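The structure appears right after this line, and notes come after that.
Read-outs: derived from the displayed coordinates by stated rules, not from any lab. All values derive from a computational prediction rather than experimental measurement. Positions of Cβ are generated from backbone atoms using ideal geometry, with glycine treated the same way; all protein chains shown enter the neighbour counts.
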Amino acid sequence: MDGDRKPDERNTEILSTNEIAMRIAGPPRRPRSRDFSRRLFWLTAVSGVLMSGAALLAFRGGASPTAAPLAMPAGLFGSPTPTPVPTPKPEPPISALYTCRGRAEFHVKPEEASVYVNGQRIGTSDDWDDSGGGGTYTFPGRGTYICRFQYRGRYTKWVKVIVDPSAKDKIAKVKMKLEKR
């Protein structure tokens, strides 16, 4: 410490726009292409802070550990663009709710109706009716699944299947008829 300074005294001074620009950018010299754009950015930032009326204090010998960082004005580089919030898809009209432990049989008329589980086509109703060569569909794990049934010239129907190991039924037996349009 200097002999003429007290330990608790802060050595601060208020700087003008030109003085701040000189400290950041250094003495003026012939600009090079890359160097010039970097300096121009900092000069713009500094002059924008000063024009906004913010008081700048420069500490000699480094920044004070208790000094608060300076905030840039909101409009200096444009306002931040808000991140769009994805809108949830509306749930389709559910015809029925089933609970099971992990498997399902789809008995849908007509038997050629397409079956979709969470938007993925798994085949026709005849493939999953557990009769005449059809099997039972096994869900990948516990959770809620939306099953869609559709056939040309008929109304589409949806059901919700909740898979829970503690469910009463081992297999959900989905039975429905797709009506003509």
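Annotations
- Karplus (6.51, -1.76, 1.60) ³J(HN,Hα), θ = phi - 60°, over the range 103-110, in Hz, Gly and Pro reported as x: 9, 8, 10, 10, 9, 10, 10, x
- Taking amide H as placed 1.01 Å from N in the peptide plane, A113 has its amide H under 5 Å from the amide H of S125, D126, each at least 5 places away in sequence or on another chain.
- With contacts taken as Cα pairs under 8 Å at a separation of at least 6 residues, the range 81-168 carries a relative contact order of 36 percent.
- Amide hydrogen proximity for T99: with H placed 1.01 Å from N in the peptide plane, the residues at 5 or more positions away or on another chain lying under 5 Å are I162.
- Karplus-derived HN-Hα couplings along the range 119-135 (A = 6.51, B = -1.76, C = 1.60, θ = phi - 60°), whole Hz, x at Gly and Pro: x, 9, 6, 10, x, 9, 4, 5, 6, 10, 9, 6, 8, x, x, x, x
- Peptide ranges 150-160, 102-112 listed from the most packed, as the mean C-beta count within 10 angstrom indicates: 102-112, 150-160
- Phi angles across the range 166-175 convert, under the Karplus curve 6.51 cos²θ - 1.76 cosθ + 1.60 with θ = phi - 60°, into 3J(HN,Hα) values of 9, 5, 5, 8, 6, 10, 8, 9, 8, 10 Hz, Gly and Pro given as x.
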